[in-house]
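The values are calculated or read from the model by the stated rules, or taken from the named source; none is laboratory data. Quantities reported herein were computed from a predicted structural model and do not represent experimental measurements. Every residue, glycine as well, gets a Cβ built from its backbone with ideal geometry; the counts of neighbours run over all protein chains shown. With ligands, DNA and RNA removed, areas are computed over all heavy atoms of the protein, side chains included. Shrake-Rupley method; radii C 1.70, N 1.55, O 1.52, S 1.80 Å.
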Amino acid sequence: MRKPALHWQILIGMLFGLLFGVLMLGINGGKVVIQNWINPFGIIFINLLKLIAIPLILASIIKGISDLKDIAKFKVIGLRSVILFVITTIMAISIGLVLVNIFSPGKGISPETITRITNDFASDQGVQSKLAEASLQKESGPLQFLVDMVPDNAFNAMSDNKLMLQVIFFSVFLGVSMLLIEEERAKPLKMLFDSLNDAVLKMVDLIMKTAPLAVFALLANVVVSSGDSDLLLALVKYAGVVILGLFLMIVFYCVVLVLVTGKNPFWFLKILSPAQLLAFSTSSSAATLPITMERVENHLGVDKEVSSFVLPVGATINMDGTSLYQGVAAVFISQALGHHLEITDQLIIILTALLASIGSAAVPGAGMVMLVIVLESIGFPSDKLAVGLALIFAVDRPLDMLRTVVNVTGDAMVSMVVAKSIGKLHDMPNNGNLN
């Protein structure tokens with residue numbers, strides 16, 4: 001009997017996880033059983049992916065750059081990638097702002113609902129921690145993100161997944177330096193990282209064998225931890241606007257893909273679906289990165305010298321789904337709490353959300369910290385920040401899962417466009433060409 005494809009295995013695991021979570025909600029003590037005996041397997045899976053994220057970035061970037069042979073190629077790849085990331089981020093924020101102004105979801109929430117949500121969530125430890133973290137970022141200078149990009153100790157940077165941008169900087173610096181010395185002298189080091197890259201990719205294969213079980217555990221825990229259903233229903237209009245915006249971003253990616261590469265968008269989404277499903281389950285672009293690289297290189301036909309740079313950088317600075325959410329959430333909170341926004345305020349939201357996405361940690365919950373920075377940039381009253389976060393806190397987790405899917409999809413699309421532009425997009429079996 002033929003074994004189901006990976007994306008079907010993961011999807012089945014997700015569905016069973018959701019159903020099992022709903023079932024256990026109706027059983028006395030079911031939530032405790034899932035959190036104590038089921039969820040740990042999901043946590044182990046995420047930890048394994050995070051375990052190999054730094055070695056994968058280090059090995060793949062250095063291998064990709066050293067394979068270029070010509071530093072001019074690296075300049076082209078880097079410049080085109082950054083330009084595309086900026087364009088897609090601005091498009092995402094703009095889509096979010098247009099939709100939230102058309103539907104005005106914040107104007108439909110009653111004062112009683114706001115009071116109830118505030119009482120339940122405003123003093124929540126999660127909300128307060130996001131405010132504290134955002135306060136620290138706000139106090140830093142305008143060029144602090146450049147300072148934070150350069151590590152003072154490479155080994156310290158490699159010990160913390162939140163410092164991924166520092167690892168990327170070190171990897172690029174080392175890879176470029178290898179290009180600038182004699183090939184024979186760089187060869188032993190290149191062989192080391194080539195071997196490390198092969199070993200890490202094999203680790204990815206082994207970890208992915210447990211993916212269906214892991215997403216079952218993760219989704220079951222999400223269901224039993226989802227909170228008060230009345231609060232979720234009160235925010236369904238806001239969530240609908242965000243989801244519509246995220247869907248339109250996927251459509252935008254597909255249109256760009258067809259126009260530039262001539263590939264079938266349905267083929268693209270089908271091939272990428274294992275990474276998308278994993279992004280949905282983990283809410284982390286960083287944790288999904290090993291799988292995204294495997295799908296893009298081995299199934300979408302992007303040359304490794306392109307994907308090894310574009311995808312790690314994208315996982316760190318390309319937060320299209322998160323940026324779209326910033327625009328919707330900032331205007332939604334302003335509408336609900338009566339804070340009037342001028343057109344100039346909305347232009348500030350675009351600029352601030354774009355800058356805040358650069359260097360933001362590719363981990364669950366980072367969007368809430370970015371949102372505080374965006375709200376403060378438009379003069380939102382500081383004494384209402386906790387209330388504003390409380391308004392969306394109840395539905396942040398499921399929306400975080402969805403916007404991570406968009407982030408990963410955007411990274412893959414940009415890698416294909418960049419690869420096509422320099423002749424590094426290869427035809428694969430059943431390659432989805434529209435001709």
Long-range neighbours under 7 Å by Cβ, at least six apart or interchain, first residue among the acidic types (Asp, Glu) within region 191-208, second in a helix (DSSP H, G or I): ASP194/LYS63
Wholly enclosed helices (runs of 4 or more DSSP H) of region 47-153 bearing at least 3 residues modelled with pLDDT under 75 and among the charged types (D, E, K, R): 111-121, 125-139
Test: PHE85 is hydrophobic (A, V, I, L, M, F, W, C) and open to solvent by 50 Å² or more (accessible area, probe 1.4 Å): no
Qualifying positions in region 323-351 - of a type in the set (S, T, N, Q) and open to solvent by less than 10 Å² (accessible area, probe 1.4 Å): SER323, GLN326, SER334
Residue in region 305-320 that is in contact (Cβ under 8 Å) with a residue 24 or more places away in the chain, crowded, with 24+ Cβ neighbours inside 10 Å, in contact with a helix residue (DSSP H, G or I) (Cβ under 9 Å, 6 or more places away or on another chain) and over 30 Å from ASP70 (Cβ atoms) present: yes
Breaking point among (1) out of contact with any Phe, Trp or Tyr (no Cβ under 7 Å at 6 or more places or on another chain); (2) open to solvent by 80 Å² or more (accessible area, probe 1.4 Å), for PHE16: (1)
Among the candidates ARG403, ARG397, residue that is assigned to a helix (DSSP H, G or I), of a type in the set (Lys, Arg) and crowded, with 19+ Cβ neighbours inside 10 Å: ARG403
Residue pairs meeting the criteria (Cβ under 9 Å; at least 6 apart or on separate chains; first under 16 Å from ALA286 (Cβ atoms), in region 152-172; second basic (Lys, Arg)): ASN161/LYS50
